[in-house]
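A quick write-up on the structure given underneath.
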Amino acid sequence: MPTYHLHDLTVRHRGASSGAPSGVPLPALRGLSLTIEQGEQLALIGPSGAGKTTLLATLACAQQPLEGTFTMFDQDPWALGNAARHRLRARLFLAPQTPPLPPRQRVVTAVLAAHLPQWSIWRALASLFKPADPQAAWQALARFNLGDKLYSRVDRLSGGERQRCGLARLLLSPAQALLVDEPLSALDPVLSELTLSTLREEAAARNATLVCSLHQVDLALAHFPRIVALRAGRIVFDLPREQVTPQMIAQLYQGEPARPAPPAAPEPETLPVKPGAGACL
């Protein structure tokens, strides 16, 4: 059973208008067909504005298609009631480029929020005062070289640290579809490699589907066996990476250079620190 099946899908972008009467939103995705099997790992590439983020939002059931067929885990989420659609959404995890982490919250609490769909309201409230499983949060953070930030406040983190904090939350989620939007935009080359390797290892360990949008074409080709290229809301090619040629990439970007891994200086390395017994919020 495929995780996703999309056929002739049209999705409108809420934030853009076409100049048509009443400011009708432009289609962000047009005539898009795509099937993603359970356990597949693929990268979405394409120039800015190609529709990558909209496609991820559609896969996350956060944006309803205007036309076409869309099924997730063999169900049409938009034919379900709100409660049933919410249960279906619990089977996926969307990691946006800028994770919505409360700035005054401790990192441990932000990471453990991955459990909120499974927790009762009382357990969730109790965890705000005494984290339910700080060891699990530390282990997830340590896989992204962030173990020493366990009890830091979110607003004390750099942009790249916030991105990795959001991805650590993904590791604690039981989701079977992992949707990741531009996870490397604030990371240096070493951390970029670590991040993609960790995501792929986690997806493979639980046989989860992994869909990751990237501007770094070289890293997409190095890490993902399937490459889906978008431009102007349409799929330009959907191929195994071995069949993707430099000429295809040049035509896809047409003068907008594909971005290599960012050249920023690496962050100072720190040894993972286990949470002490007396640590508190």
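The values are calculated or read from the model by the stated rules, or taken from the named source; none is laboratory data. Keep in mind that this is a model prediction, so the values were computed, not measured. Ideal geometry is used to build each Cβ from the backbone, glycine not excepted, and the neighbour counts take in all protein chains shown. Just so you know, the surface numbers come from the protein's heavy atoms only, side chains and all, with ligands and any DNA or RNA stripped out. Shrake-Rupley method; radii C 1.70, N 1.55, O 1.52, S 1.80 Å.
Only one residue in Ala113, Ala57, Ala79, Ala84 is in contact (Cβ under 8 Å) with a residue 24 or more places away in the chain and more than 28 Å from Leu221 (Cα to Cα). Which one?
Result: Ala113 is the single residue among Ala113, Ala57, Ala79, Ala84 that is in contact (Cβ under 8 Å) with a residue 24 or more places away in the chain and more than 28 Å from Leu221 (Cα to Cα).
Can you list residue pairs whose Cβ atoms sit under 6 Å apart, with the first residue in the range 188-209 being over 24 Å from Met72 (Cα atoms) and the second being crowded, with 23+ Cβ neighbours inside 10 Å? Count only pairs 6 or more apart in sequence or on different chains.
Going by the 6 Å Cβ cut-off, the qualifying pairs are Ser192/Leu184; Thr195/Pro183.
Restrict the check to the range 239-247 and report whether at least one residue is touching a helix residue (DSSP H, G or I) at 6+ places or on another chain (Cβ under 6 Å) and under 28 Å from His13 (Cα atoms).
Looking through the range 239-247, none of the residues is touching a helix residue (DSSP H, G or I) at 6+ places or on another chain (Cβ under 6 Å) and under 28 Å from His13 (Cα atoms).
For the range 202-231, which positions are in a helix (DSSP H, G or I) and either within 15 Å of the chain's Cα centre (by Cα) or aromatic (Phe, Trp, Tyr) (or both)?
Glu202, Ala203, Ala220 - these are the residues of the range 202-231 that are in a helix (DSSP H, G or I) and either within 15 Å of the chain's Cα centre (by Cα) or aromatic (Phe, Trp, Tyr) (or both).
Which residue, of Gly49, Gly19, Gly15, Gly39, is open to solvent by 20 Å² or more (accessible area, probe 1.4 Å), part of a loop (DSSP other than H, G, I, E, B) and modelled with pLDDT of 95 or more?
Criteria check complete, one pass: Gly39.
May I ask you to list the residues in the range 179-197 that are surrounded by 20 or more Cβ atoms within 10 Å (Cβ to Cβ) and touching a Lys or Arg at 6+ places or on another chain (Cβ under 9 Å)?
Selection gives Asp181, Glu182, Pro183, Leu187, Leu191, Thr195.
Assigned to a helix (DSSP H, G or I) and open to solvent by less than 10 Å² (accessible area, probe 1.4 Å): is that true of Ala168 in this structure?
yes
Hey, does the range 167-178 have a residue that's without any contact (Cβ under 8 Å) to a residue 60 or more places away in the chain, among the hydrophobic types (A, V, I, L, M, F, W, C), under 21 Å from Leu101 (Cα atoms) and touching a Lys or Arg at 6+ places or on another chain (Cβ under 9 Å)?
So far as the range 167-178 goes, yes, one or more of its residues are without any contact (Cβ under 8 Å) to a residue 60 or more places away in the chain, among the hydrophobic types (A, V, I, L, M, F, W, C), under 21 Å from Leu101 (Cα atoms) and touching a Lys or Arg at 6+ places or on another chain (Cβ under 9 Å).
Here's a check for you: in the range 58-112, which residue that is of a type in the set (Ser, Thr, Tyr) and open to solvent by less than 50 Å² (accessible area, probe 1.4 Å) is farthest from Arg153 (Cα to Cα)?
Thr71
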